[in-house]
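The values are calculated or read from the model by the stated rules, or taken from the named source; none is laboratory data. Because the structure is a prediction, the values reported are computed rather than measured. Every residue, glycine among them, receives a Cβ derived from its backbone with ideal geometry; neighbour counts consider all protein chains shown. Quick note on the areas: whole protein, heavy atoms, side chains included, nothing else; ligands and nucleic acids left out. Shrake-Rupley method; radii C 1.70, N 1.55, O 1.52, S 1.80 Å.
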Amino acid sequence: MGVRRVGLVVALVAACAGGPVKPTHPTPEQEAAADALLTGPDWYRNAVFYEVNVRSFADSNGDGIGDLAGLVSKLDYLKDLGVDAVWMMPIMPSPFKDSGYDIADYRNIDPAYGDLAGFDALVAAAHQRNIRVMMDLVLNHTSDQHAWFQDSRTSATSEHADWYVWSDTPSDPNIGCGPAAPTFGDSAWTFEPARNQYYFHRFYPAQPDLNYRNPAVAAEMLDTVRFWLQRGVDGFRCDVIGYLFESATGCNMIPETVDYIKQLRGVLDEFPNTVMVAETDIGLGPVPYLGDGTDMFHMAFDFPYGYFWGVAFLGENSSIAQNALQTVQTQYPPGGQDAMLIGSHDVGRAWSHAQELAWRMQRATEISMFSHATPFIYYGDELAVHDGTTFVVDSRDSARTPMPWTADDPGHGFTTAAAPWIPFSGGADTTNVASEDADPGSMLTFYRQLLTFRRGHAVWGTGDMNVLTLDNPSVLAFTRSDSDEAYLVVESFSEDPQDATAQASVGAIGDVVWGAGAATDDGTTLHVSLPGEGSAVFALSH
Ligand code: NOJ
Ligand code: CA
């Protein structure tokens, strides 16, 4: 493409304040370029993903619960925003003890959301718009209401007796791990009187861990994956995938689990252009999930950035972001793709992590969209939806409130019911799609502008990245380049104006194409200046 290539030596200036209004929709030329990038097996490197909580997105039948038909009705909104793939939180039948991450039937749709025909209709409607559909794949555990567990718990000789992890003691020396997090309780073992044994669960007691050492379990779950791929799904977000196998010495990404992930990848490889993204462990980081770049996950979530970017802004110190980007640059296998987010259903709203400062959310979002990564947007973060304060399942419900589409009480365009299944977050009278659409200063307008800026430019998904070492910890700078384009990206973590210097050269610096700032490069030293709260992208000639 090379549409922004320039060759000036110095650029000092601001494209934002007083500059031209940034477009909120791509040109036909950009869309054509995007279509080409989204074709073939590497589509996911150039795509923008969007995590949606179906239950809270749009309610089609007025029962207060979002559903698949509701999601279909909002696909045009997503297309218009620049979303290329939707990842749905679990939609299979579930007693909802962990917001659907407790599945009672792996080959069906929860009636609250629709049925298999409705699922097929969603996939068809999404594909018609060139939007991919990703499901949440919860392999580690089932619901305690699943027929397999209901049978397993009856006796040690039942048909499914060995489908779960049972022990005579709640401190079994063969299982060297406890609960995944304090949220899920003090013990990973619960006594089952009918069987006179304890069963193992990393999460809530209502989520017994499957026994992957049983070949029938291992095979059944791979067949489940085939079931959905045959229905046309484009891939999976794989829940706590590192926990499948347990051992005396460890329970996280042990060799048996790594081997199973490779088998899972083998199943996806039977279906062209399907992809899987790993829910990674914060301690391990994303690298172990990527294998050699071809044999495990296509993408791995970058939680060291995704969960902690707010801390970086609190301390006005970019090192959390810098370390995350450097890990991608120096430790990822060839072909390994970072998956960057600033919000998810597990960590509270980005708006809170940003201390309710729009500029922090905007800088954090830019980093997720300008670094060498595939960006994931959590539904509602494009509006800066606030954390809710009413919980149905647990405190993570703060980030699972209904999508506010309009200012109208009480349903905000989400539902015609008197009340949704969980109350809206505060501020929905102004923080909603309709109001923000009409506001040039809104978070939604910012997201539209940013997504439009990136659209159709391969450099952002796949271009080389070089993180620069600066003398100012409040600033992050890196370059991106491919055979068509090159850019210098500079992001501030401070509310005050910042200067920074790197003993490096990035070549001839051209126009500011995003944000505002100044930069000079004399061939050995790079100097950048940013206004408080600011960022700038400079075109580089190469
Ligand atoms: C990770 C999911 O993101 C989280 O919401 C859930 O509670 C656990 N896995 C258990 O499935
Ligand atoms: Ca409904």
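Close amide H partners of R132, meaning residues 5 or more places away or on another chain with modelled amide H under 5 Å apart, are A85, V86.
Estimated from helices alone, the mean residue ellipticity of the chain at 222 nm is -7000 deg cm²/dmol (sum of -39500 (n - 2.57) over DSSP H runs with n ≥ 4, per residue). The candidates T445, T469, arranged from most to least accessible area with a 1.4 Å probe in the full protein assembly, appear as T469, T445. In angstrom, the C-alpha Rg and Dmax of the chain are 23.7, 78.
Remark on H141: its backbone amide H falls under 5 Å from those of L210, a criterion applied only to residues 5 or more positions apart or on other chains, H modelled at 1.01 Å from N.
Measuring nothing but how far apart in sequence close Cα pairs (under 8 Å, 6+ apart) lie, relative to its length, the range 461-540 scores a relative contact order of 30 percent. Once you have a ≥ b ≥ c as the square roots of the Cα gyration tensor eigenvalues for the range 344-408, tell me rounded if a/c is under 1.5, and otherwise prolate or oblate according to whether a/b is larger than b/c. The shape class here is prolate. What FRET efficiency comes out for the pair F227/D295, r = Cβ-Cβ distance, R0 = 25 Å, nearest 0.05? About 0.60, to the nearest 0.05.
Around the amide H of F236, modelled in the peptide plane, lie the amide H atoms of M135, V275, M276, V277, all under 5 Å away and 5 or more residues distant in sequence or on another chain. In order along the range 447-460, phi translates into HN-Hα couplings of 4, 4, 5, 5, 5, 5, 4, 7, 4, x, 10, 4, 4, 6 Hz, rounded to whole numbers, per the Karplus curve 6.51 cos²θ - 1.76 cosθ + 1.60 with θ = phi - 60° and x for Gly and Pro.
Compactness of the range 461-540 is given as radius of gyration and Dmax, 11.6, 36 Å, from Cα positions.
Remark: spin-label model distance T469-D162 equals 5.6 nm, labels positioned 7 Å along the Cα→Cβ axis.
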